[in-house]
Amino acid sequence: MTVPESHVGSSYELDLMSNKNSPEEGVLEDQDEEDPFAASDEDDEEYDPNIEDDNNSDTSEDTEELRYSDFFDFKVISQAVLKNRTVNTEWSKVKWLQVKCFRIEKDNPGVVKYKYNHSDDYLCINISGRGRPSTSAFELNKTYSAMLPISIQKYNDFKKLCTNEAIPSEFHQWYLLLLTSTTVKNRNAEPSVDSESEED
């Protein structure tokens with residue numbers, strides 16, 4: 001897979017605190033405190049019966065199943081492009097976890113603008129370092145050369161679920177053909193934040 005030069009340096013502004021981002025309009029102001037998704041009596045009266053329920057609609061045309069061979073490793077781009085991630089143009093350390101907005105401009109390749117608060121002015125970081133930003137195309141390698149194996153314990157759990165018909169029969173072959181490895185550790189799912197708070 002090759003990343004074309006035309007896709008490098010596109011103008012875009014990302015607001016990490018809003019679910020609406022536009023390459024033309026930029027950062028949008030915060031929404032009103034009123035919940036825009038809250039149901040009202042008027043909504044019930046104006047319900048359009050021609051609108052299909054998402055749970056009942058067929059989304060097979062809008063989705064595509066991905067295989068392990070569909071994933072690419074972007075480290076080569078990161079190593080070639082992101083040469084500076086620590087200090088901005090004012091020689092101050094970049095606090096990535098506190099950034100609220102990013103702005104990428106086509107006219108300023110290699111420069112990422114950011115700010116910690118919406119009312120602040122943008123700060124700049126030259127991700128290309130002191131050199132010129134790379135404009136060449138990159139060859140991406142596949143992330144996986146084969147399916148990742150699972151632990152034998154997890155495989156036995158899937159096999160038991162197939163035997164008990166907890167997993168539909170049409171999926172049995174896929175689960176039973178999964179690769180296993182004795183070196184893979186079986187890790188239990190981490191408890192959710194709600195579960196931890198209830199235990200306290």
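Each value in this text was obtained by applying a stated rule to the coordinates, not by laboratory testing. Please read these numbers as outputs of a predicted model, since none were measured by experiment.
Data table
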| item | result |
| --- | --- |
| Residues with amide H under 5 Å from that of F138, placed H, sequence gap 5 or more | V3 |
| Three principal axis lengths of the range 147-187 [C-alpha, angstrom, descending] | 29, 17, 12 |
